[in-house]
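Participant: Let me give you the structure first, and then I'll get to my questions.
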Amino acid sequence: MISRKLRPEGGFCAGGCIVLGAVLLLIVGAVVWGAYSTYQGAYLMTSPRPREFEPIPSVAQQNAALLKWRALKEALPQGEESEFRFTAEDLNAWFFADRKNADLIPHLRFRTIDDWIVAEVSVPLSFMAEVPTLPSLRNRFFNGKIAARLAVEKNEIKITSLDLEGNGHRLPWLFTGQGYRDTVTQTLDQGIRGRLPDGDLFVSRLESIRVENGQIVVRFRSGNSP
(Lines give C-alpha, C1' and ligand atoms only; values in the text may rest on other atoms or scores of the structure.)
Protein backbone atom coordinates (compact mmCIF):
# COMPACT_ATOMS: atom_id res chain seq x y z
CA MET A 1 0.00 0.00 0.00
CA ILE A 2 1.17 3.51 -0.70
CA SER A 3 0.74 4.56 2.93
CA ARG A 4 3.42 2.07 3.92
CA LYS A 5 5.78 2.70 1.04
CA LEU A 6 5.73 6.47 1.35
CA ARG A 7 5.37 6.89 5.10
CA PRO A 8 7.78 9.69 6.24
CA GLU A 9 10.18 8.73 8.98
CA GLY A 10 11.17 10.52 12.15
CA GLY A 11 9.66 13.51 13.91
CA PHE A 12 9.62 15.66 10.82
CA CYS A 13 6.41 14.17 9.46
CA ALA A 14 5.76 17.90 9.09
CA GLY A 15 7.06 18.41 5.59
CA GLY A 16 6.49 14.83 4.53
CA CYS A 17 2.84 14.73 5.53
CA ILE A 18 2.14 18.13 3.98
CA VAL A 19 3.64 17.18 0.63
CA LEU A 20 2.36 13.59 0.64
CA GLY A 21 -1.18 14.70 1.42
CA ALA A 22 -1.19 17.34 -1.31
CA VAL A 23 0.46 15.03 -3.86
CA LEU A 24 -1.99 12.18 -3.26
CA LEU A 25 -4.94 14.56 -3.41
CA LEU A 26 -3.81 15.85 -6.80
CA ILE A 27 -2.92 12.47 -8.25
CA VAL A 28 -6.15 10.81 -7.15
CA GLY A 29 -8.12 13.75 -8.54
CA ALA A 30 -6.29 13.58 -11.86
CA VAL A 31 -6.61 9.83 -12.27
CA VAL A 32 -10.25 9.70 -11.14
CA TRP A 33 -11.19 12.59 -13.40
CA GLY A 34 -9.27 10.99 -16.24
CA ALA A 35 -11.09 7.71 -15.63
CA TYR A 36 -14.42 9.54 -15.61
CA SER A 37 -13.78 11.36 -18.88
CA THR A 38 -11.73 8.67 -20.58
CA TYR A 39 -9.90 5.77 -18.97
CA GLN A 40 -7.38 5.88 -21.76
CA GLY A 41 -6.49 9.44 -20.77
CA ALA A 42 -5.81 8.37 -17.20
CA TYR A 43 -3.78 5.36 -18.35
CA LEU A 44 -1.62 7.55 -20.59
CA MET A 45 -0.68 9.66 -17.57
CA THR A 46 0.96 6.63 -15.94
CA SER A 47 4.14 4.67 -16.62
CA PRO A 48 5.11 1.00 -16.22
CA ARG A 49 8.30 1.80 -14.27
CA PRO A 50 9.27 4.33 -11.59
CA ARG A 51 11.34 7.37 -12.43
CA GLU A 52 14.91 7.54 -11.14
CA PHE A 53 15.96 10.77 -9.44
CA GLU A 54 19.41 12.21 -8.86
CA PRO A 55 20.97 11.73 -5.41
CA ILE A 56 19.72 14.00 -2.66
CA PRO A 57 21.94 16.98 -1.69
CA SER A 58 25.13 16.23 0.22
CA VAL A 59 25.45 16.45 3.99
CA ALA A 60 27.26 19.78 3.60
CA GLN A 61 24.34 21.15 1.55
CA GLN A 62 21.89 19.79 4.11
CA ASN A 63 23.73 21.51 6.94
CA ALA A 64 23.78 24.79 5.04
CA ALA A 65 20.04 24.56 4.42
CA LEU A 66 19.39 23.84 8.10
CA LEU A 67 21.38 26.94 9.03
CA LYS A 68 19.15 29.02 6.73
CA TRP A 69 16.03 27.55 8.33
CA ARG A 70 17.42 28.15 11.83
CA ALA A 71 18.13 31.78 10.97
CA LEU A 72 14.54 32.19 9.77
CA LYS A 73 13.15 30.52 12.88
CA GLU A 74 15.18 32.82 15.13
CA ALA A 75 14.24 35.95 13.19
CA LEU A 76 10.46 35.42 13.21
CA PRO A 77 9.82 36.02 16.93
CA GLN A 78 11.73 39.32 16.77
CA GLY A 79 8.84 40.82 14.86
CA GLU A 80 10.91 42.67 12.29
CA GLU A 81 10.24 42.89 8.56
CA SER A 82 12.47 40.34 6.83
CA GLU A 83 13.09 38.44 3.61
CA PHE A 84 14.09 34.80 3.23
CA ARG A 85 15.54 33.47 -0.05
CA PHE A 86 16.27 29.86 -0.91
CA THR A 87 16.64 27.69 -3.99
CA ALA A 88 14.91 24.45 -4.88
CA GLU A 89 18.19 22.71 -4.04
CA ASP A 90 18.06 24.32 -0.58
CA LEU A 91 14.51 23.05 -0.25
CA ASN A 92 15.54 19.52 -1.21
CA ALA A 93 18.50 19.66 1.21
CA TRP A 94 16.32 20.89 4.09
CA PHE A 95 13.52 18.42 3.34
CA PHE A 96 15.80 15.38 3.35
CA ALA A 97 18.28 16.53 6.02
CA ASP A 98 19.30 14.00 8.69
CA ARG A 99 17.46 11.22 6.81
CA LYS A 100 14.11 12.75 7.69
CA ASN A 101 11.48 11.97 5.05
CA ALA A 102 13.81 9.20 3.87
CA ASP A 103 10.86 7.19 2.55
CA LEU A 104 10.21 9.95 0.02
CA ILE A 105 13.75 9.97 -1.45
CA PRO A 106 12.80 7.67 -4.39
CA HIS A 107 9.57 9.58 -5.01
CA LEU A 108 10.07 13.35 -4.84
CA ARG A 109 12.28 16.30 -5.80
CA PHE A 110 11.54 20.03 -5.75
CA ARG A 111 12.33 22.38 -8.65
CA THR A 112 11.59 25.90 -9.78
CA ILE A 113 10.57 26.54 -13.40
CA ASP A 114 10.03 30.16 -14.40
CA ASP A 115 7.70 31.49 -11.67
CA TRP A 116 6.39 28.06 -10.65
CA ILE A 117 7.30 25.93 -7.64
CA VAL A 118 7.37 22.35 -8.91
CA ALA A 119 7.25 18.96 -7.20
CA GLU A 120 8.50 16.22 -9.50
CA VAL A 121 7.08 12.92 -8.30
CA SER A 122 7.18 9.20 -8.96
CA VAL A 123 4.35 7.55 -7.06
CA PRO A 124 3.29 3.88 -7.17
CA LEU A 125 -0.43 3.53 -7.85
CA SER A 126 -0.89 0.36 -5.79
CA PHE A 127 -3.68 2.11 -3.85
CA MET A 128 -5.88 2.45 -6.96
CA ALA A 129 -8.95 0.23 -7.15
CA GLU A 130 -9.28 -2.26 -9.97
CA VAL A 131 -11.83 -1.47 -12.69
CA PRO A 132 -13.35 -4.63 -14.26
CA THR A 133 -12.56 -5.18 -17.97
CA LEU A 134 -10.09 -2.23 -17.99
CA PRO A 135 -6.27 -2.31 -17.73
CA SER A 136 -5.03 -2.17 -14.16
CA LEU A 137 -3.27 0.91 -12.82
CA ARG A 138 -2.12 -0.79 -9.64
CA ASN A 139 1.22 -1.94 -11.09
CA ARG A 140 1.93 1.40 -12.74
CA PHE A 141 3.47 4.67 -11.57
CA PHE A 142 2.54 8.31 -11.76
CA ASN A 143 5.74 10.01 -12.98
CA GLY A 144 4.94 13.65 -13.34
CA LYS A 145 5.13 17.27 -12.25
CA ILE A 146 2.84 19.18 -9.94
CA ALA A 147 3.37 22.92 -10.36
CA ALA A 148 1.91 25.77 -8.34
CA ARG A 149 2.04 29.53 -8.15
CA LEU A 150 1.60 30.76 -4.57
CA ALA A 151 0.50 34.09 -3.18
CA VAL A 152 -0.50 35.56 0.18
CA GLU A 153 -3.92 37.17 0.50
CA LYS A 154 -5.41 38.42 3.79
CA ASN A 155 -2.76 36.58 5.82
CA GLU A 156 -3.50 33.30 4.05
CA ILE A 157 -1.47 31.26 1.57
CA LYS A 158 -3.31 30.93 -1.74
CA ILE A 159 -2.64 28.75 -4.77
CA THR A 160 -3.31 31.09 -7.67
CA SER A 161 -2.42 28.58 -10.41
CA LEU A 162 -2.12 24.81 -10.39
CA ASP A 163 -1.00 22.46 -13.14
CA LEU A 164 -0.28 18.76 -13.38
CA GLU A 165 1.55 16.66 -15.94
CA GLY A 166 1.88 12.88 -15.94
CA ASN A 167 4.08 10.97 -18.38
CA GLY A 168 4.16 14.03 -20.65
CA HIS A 169 0.34 14.43 -20.65
CA ARG A 170 -1.27 17.49 -19.07
CA LEU A 171 -4.68 18.01 -17.53
CA PRO A 172 -4.81 21.79 -17.06
CA TRP A 173 -8.60 21.83 -17.31
CA LEU A 174 -8.84 19.72 -14.15
CA PHE A 175 -7.53 22.53 -11.98
CA THR A 176 -9.40 25.56 -13.32
CA GLY A 177 -12.07 25.24 -10.61
CA GLN A 178 -11.49 27.45 -7.58
CA GLY A 179 -13.00 24.82 -5.31
CA TYR A 180 -10.30 22.29 -6.18
CA ARG A 181 -7.50 24.82 -5.61
CA ASP A 182 -9.10 25.80 -2.29
CA THR A 183 -9.07 22.17 -1.14
CA VAL A 184 -5.36 21.78 -1.91
CA THR A 185 -4.63 25.18 -0.33
CA GLN A 186 -6.41 24.15 2.86
CA THR A 187 -4.33 20.96 3.04
CA LEU A 188 -1.13 22.99 2.72
CA ASP A 189 -2.20 25.65 5.23
CA GLN A 190 -3.31 23.14 7.86
CA GLY A 191 -0.08 21.20 7.47
CA ILE A 192 2.08 24.31 7.96
CA ARG A 193 0.11 25.55 10.95
CA GLY A 194 -0.16 22.19 12.64
CA ARG A 195 3.21 20.63 11.92
CA LEU A 196 5.93 23.21 11.36
CA PRO A 197 7.60 24.81 14.40
CA ASP A 198 5.89 28.19 15.00
CA GLY A 199 3.58 27.40 12.09
CA ASP A 200 0.90 29.91 13.10
CA LEU A 201 3.51 32.64 13.46
CA PHE A 202 5.02 31.72 10.08
CA VAL A 203 1.67 32.05 8.30
CA SER A 204 0.49 35.16 10.17
CA ARG A 205 3.66 37.09 9.33
CA LEU A 206 3.75 36.11 5.65
CA GLU A 207 3.57 39.04 3.27
CA SER A 208 4.41 37.46 -0.08
CA ILE A 209 5.81 34.37 -1.80
CA ARG A 210 7.27 34.48 -5.29
CA VAL A 211 9.85 32.77 -7.51
CA GLU A 212 12.49 35.15 -8.85
CA ASN A 213 15.60 34.20 -10.84
CA GLY A 214 15.41 30.60 -9.68
CA GLN A 215 14.98 31.54 -6.01
CA ILE A 216 11.90 31.23 -3.81
CA VAL A 217 11.52 34.60 -2.08
CA VAL A 218 9.46 34.73 1.11
CA ARG A 219 8.82 38.13 2.72
CA PHE A 220 7.57 38.61 6.29
CA ARG A 221 5.82 41.72 7.53
CA SER A 222 6.55 43.42 10.82
CA GLY A 223 4.97 41.77 13.81
CA ASN A 224 3.18 45.06 14.57
CA SER A 225 1.46 45.13 11.16
CA PRO A 226 -2.19 44.09 10.92
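The values are calculated or read from the model by the stated rules, or taken from the named source; none is laboratory data. Remember, predicted model here, so these are calculated numbers, not experimental data. Methodologically, a virtual Cβ is constructed for each residue, glycine included, from the backbone with ideal geometry; neighbour enumeration extends over all protein chains shown. Heads up: the accessible areas ignore ligands, DNA and RNA and are worked out on the full protein's heavy atoms, side chains in. Shrake-Rupley method; radii C 1.70, N 1.55, O 1.52, S 1.80 Å.
Participant: Please list, in chain and number order, the residues 5+ apart from Ile113 or on another chain whose amide H is under 5 Å from its amide H, with Hs placed from the backbone.
Facilitator: Residues meeting the criterion, in which the H sits 1.01 Å from N, are Val118.
Participant: Hey, another quick one. Could you give me the ³J(HN,Hα) list for the stretch 44-54, computed from phi with Karplus coefficients 6.51, -1.76, 1.60 and θ = phi - 60°, whole Hz, x at Gly and Pro?
Facilitator: Calculated HN-Hα couplings, in order: 5, 7, 10, 9, x, 10, x, 7, 9, 9, 5 Hz.
Participant: From the residues Pro106, Leu137, Val123, which one has its Cα farthest along the dipole of the stretch 75-156 in the positive direction, the dipole being from +1 and -1 charges on Cβ of Lys/Arg and Asp/Glu about the Cα centre?
Facilitator: Farthest towards the positive pole: Leu137.
Participant: What figure, in Å² to the nearest 10, do you get for the accessible area of Val131 with a 1.4 Å probe and non-protein molecules left out?
Facilitator: About 60 Å², rounded to the nearest 10.
Participant: Work through the residues other than Ser222 whose Cβ is under 12 Å from its Cβ and net out their charges, Lys, Arg +1 and Asp, Glu -1. Please list the in-between numbers first.
Facilitator: On the way: positive: Arg205, Arg219, Arg221; negative: Glu80, Glu81, Glu207.
Neighbour charge sum, excluding Ser222 itself: 0.
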